[in-house]
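The values are calculated or read from the model by the stated rules, or taken from the named source; none is laboratory data. Quick caveat: nothing in here was measured; it's all calculated off a predicted structure. Virtual Cβ from ideal backbone geometry, glycine too; neighbours counted across all protein chains shown.
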């Protein structure tokens, strides 16, 4: 074989080799992380990470608070055979080690110090929710970095393109119906007197911005993106549509019928109450798509003065 032909064949072979030809390194909140090959056995210690892996077509071998994910997030669907490794705030190091992971994904506020986890496997630390952050941007960053680690960049591109197209479609529907002129207050009930109201710091804000809607609540919240307020405080935003996010407190409808705090709120009297299914407000990019679709459907359907 001539030298030129051998060179051509070696060059062609190099072109078809996987992208992971050598060790790659990423910087994260806990330091640096190096991998020699795309990880196959991944443990996710928060639900935003679990959601992101599933969006990329990768099923983690273990997750924290599995039953909670199924109850509160549930989209994307988590397969039944995924192991539970304890709670998000106190995962079991023993349970994680037994799964023999080659990557652990965690965040600073939900898990032990990453040094303990790094004794088990390479650990990637990213906090979508932290002071002065923009959750949607951080969630997209997590999607991009994990897709790079997993050699699934095309899947990440497809996910983000789908979300972008969905947001545009929903905005077009609202603009055609002339429903982008009145501000939106997004709340979830804690009891019949107190609510969480979602602020401009929240993941939900990305959906409002993309739909051309204004957040009616003017104040900042905590770094999770909400403020806990008394129901009477909603009266501070009279010219708004009030969107109630499920699940509802048991017996809430009966309590509100007898509540002067509720019955005299301007959105109630103006029949501008909307009820929508839950989108996990502390999740990843997919939750923005879910909220945009359900919110658009509710606004197009029209408001009432009742919470069902």
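The table below lists the values:
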{"read-out": "Check on residue 213, touching a strand residue (DSSP E or B) at 6+ places or on another chain (Cβ under 8 Å), surrounded by 18 or more Cβ atoms within 10 Å (Cβ to Cβ) and assigned by TED's automatic domain parsing to the domain that holds residue 277", "value": "yes"}
{"read-out": "Scan of region 103-122 for residues that are in a strand (DSSP E or B) and under 12 Å from residue 91 (Cβ atoms), ordered by number", "value": "104, 105, 106"}
{"read-out": "Tally, over region 141-154, of residues that are more than 15 Å from residue 27 (Cβ to Cβ) and in contact with a helix residue (DSSP H, G or I) (Cβ under 6 Å, 6 or more places away or on another chain)", "value": "3"}
{"read-out": "Number of the condition not met by residue 137 [criteria: (1) at pLDDT 95 or above; (2) surrounded by 14 or more Cβ atoms within 10 Å (Cβ to Cβ)]", "value": "(2)"}
{"read-out": "Test: residue 46 is outside the structural domain of residue 286 (by TED's automatic domain parsing), at positive phi and either touching a strand residue (DSSP E or B) at 6+ places or on another chain (Cβ under 8 Å) or surrounded by fewer than 24 Cβ atoms within 10 Å (Cβ to Cβ) (or both)", "value": "no"}
{"read-out": "Qualifying helices (runs of 4 or more DSSP H) (wholly inside region 181-294; at least 3 residues being touching a helix residue (DSSP H, G or I) at 6+ places or on another chain (Cβ under 9 Å), within 28 Å of residue 159 (Cβ to Cβ) and touching a residue at least 60 places away in the same chain (Cβ under 8 Å))", "value": "204-211"}
{"read-out": "Qualifying residue in region 18-32 (condition: at pLDDT below 90, more than 18 Å from residue 141 (Cβ to Cβ) and touching a strand residue (DSSP E or B) at 6+ places or on another chain (Cβ under 8 Å))", "value": "yes"}
{"read-out": "Scope region 152-185; condition within 16 Å of the chain's Cα centre (by Cα) and under 23 Å from residue 242 (Cβ atoms); matching residues", "value": "167"}
